[in-house]
Amino acid sequence: MSSFARRMLRCLAAPAAVATLPLCASAQVPIDRATGQLVEVNSDVENYLRVLQLRGIVAPHPWSVREFGLREADNLAPSDTSHPWAARVRRADPSSRRFRILAPEIRTIENTTFPYGFNDGPIWAGRGLTAAATGGFTAMIGRLSIVAEPMVFVAQNQGFTLANNGQTGPLRFGNELVPIFIDQPQRFGDGSYKRIDPGQSSVRLDLPYVALGASTADQHWGPAVEHPLILGNNAAGFPHAYLGTNGAVDLWLFKLDARTEAGRLDQTAFSPAGDTAAHRLMTGVVASIVPRGLPNVEFGASRFFHSPWLSSGIGPGTIVHALRGTESASDNQLASLFARAVFPASGVEVYGEFGRDDRNADRRDLTLEPDHVSGYMLGMQKVWASGSRSFTVLRGELLNTRVTHLALARPQAPFYVNVALPQGHTELGQVLGSAAGFGGLGTNLSVDRYDPTGKWTFAWDRINRASSDGNLSDPRGADVYQSLGAQRTMFRPRADIIAGLTLTRELNRNFVKDATNLQLQVGTRVHW
């Protein structure tokens, strides 16, 4: 652990000094300090609003098409103050939200032995110290809303032992098992790794029933919190243009929340595709319906295409391609079905998703073997309340995308891998869905406790990083993370402080021997 990280950890033990620190960890709740109103959305705010929905404090709303706009997020925020974060999360005053400077935040991450981290957007946290900073502004002009929130990060990227993947040159840093079929580097070169990313930036026009815009923000397709099959916040958001509903539109028989889009995906300098295929075209559609009379139930589907980049770029016809297009030999299609049900009377939510990463030859093939290159995710949440002072949330998810028994008679590639487009289902070297999707197994069990002073989270994660074959007859045939972590978010008058510690034991690292990593995260978001 670096001396810098030790100093940062010590600073958190001195509450009187904390608010003046320029560095500590990422803020969890982007709230305007003067008015207490919600002014932007990130995954932590989304998760808290989702908990309020389980308590019946937030009105029923579909949760499986997530890149909420500013107005949509404000409509989700409660006017009720009977919840732990009432001083910070409540409905905005429309007359005071035209232009706001976003509070800057700085995060530091240190890994002692090997790279570790997921669901943190553009950041890749290598061995050693990684520092990230973000800031910007929001603006509303009539029906137009603008978010400018770029991020910059620098990873020290200290050396560690790489798995021998049989490649030379830049490809030696590539994936340990299939370096020529996925752009997922073990290490981003042999020096420091840094990038300026447009982050959670967007321009959106809200019209009656319809919204359109352009964005580089992360998206969440499906109901998963930790392990979505198609899209989540494990990788950087990619530039995309979209057309969709403005919130959930009431069509009498059901409410519809949907979008169709097209965007550009990029690769790293260690990609097996080379410079001639540096960009890919993505087209996709996702939709969720809430049946009439069942406001707390939603069903949905998504479809995501990877295609060779078009010299003409993205046009109106490209944006709706996934609504009518079929997969060709040069494309790769992923698709999923999902469902979610909320029971506010008992504070329980259950949800699931089933996905595919390969097309069937024909309808008969689909009928015979629907589980070919398939995966599923199951999840639940339960919330207990101690009046309006605290909420305790137990949540868990299980993801399984392992190669199925069909591999005995029919070739199957790992999830997120494609021969025609060798970057796989990635953006800038990180998978777009679940961090465990390529390895095949992911499990999360967490306890969150919310109170007026902030939040505690305790989590156990198990991620199958890689499997050397389709079975476990070899005791060294699976490379698995087992992690225990604790994270504390503390609200202060001038800053929100976060500190987190995660201990990871990696069994059979690179199919050779066990290894242990300690990760420390500290940071702050300073309020003006």
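Where a number appears in this text, it was derived from the coordinates with a stated rule and is not lab data. Because the structure is predicted, anything quoted here is derived from the model rather than measured. Cβ atoms come from the backbone with ideal geometry, glycine included; neighbour counts cover every protein chain shown.
Ranking Thr453, Gly379, Leu399 by how far each Cα lies toward the positive end of the dipole of segment 326-476 (charges on Cβ) leaves Thr453 at the top.
Note on Asp80 and Ala407: their simple-model spin labels are 4.8 nm apart, each label 7 Å out from Cα toward Cβ.
In plain terms, the C-alpha convex hull of segment 206-323 casts an average shadow of 8.5 nm² when viewed from every direction. Modelled label positions at Asp190 and Asp365, each set 7 Å beyond Cα in the direction of Cβ, lie 4.3 nm from each other. Take the Cβ atoms of Gln482 and Leu378, set R0 to 25 Å, and the FRET efficiency comes out at 0.80. Sequentially through segment 198-215, phi angles give Karplus couplings (6.51, -1.76, 1.60; θ = phi - 60°) of x, x, 8, 9, 6, 10, 9, 10, 9, 10, x, 6, 10, 10, 9, x, 9, 7 Hz, Gly and Pro residues having no value and appearing as x. Using just its DSSP H runs of length 4 or more, each adding -39500 (n - 2.57), the chain gives a mean residue ellipticity at 222 nm of -2000 deg cm²/dmol after division by all residues. Counting only residues at least eight positions apart within a chain, or on another chain, the lysines with an alpha carbon under 22 Å from that of Lys455 are Lys382.
Across the chain, C-alpha contacts under 8 Å between residues 6 or more apart give a mean separation that, scaled by the residue count, equals a relative contact order of 16 percent. For the peptides 196-203, 256-263, 307-314, the ranking by mean Cβ contacts within 10 Å, running from highest to lowest, is 256-263, 196-203, 307-314.
Quick one: net charge of Thr130's neighbours, Cβ under 12 Å, K/R +1, D/E -1?
With Lys, Arg at +1 and Asp, Glu at -1, the neighbours total +2.
Take the Cα of Thr276, step 7 Å toward its Cβ, do the same at Leu507, and the gap between the two points is 4.4 nm.
How big is the shadow of the Cα convex hull of segment 381-432, averaged over all directions, in nm²?
Values: hull surface 26.1 nm².
The number I arrive at for segment 381-432 is 6.5 nm².
Among (1) 22, 59, 18, 0; (2) 20, 47, 26, 7, 0; (3) 22, 55, 22, 2, only one was calculated for this model; which label is it, if the read-out is P(r) over Cα pairs in 20 Å bins from 0, in percent? Entry (1). From the largest down, segment 61-204 spans 60, 29, 27 angstrom on the principal axes of its Cα atoms.
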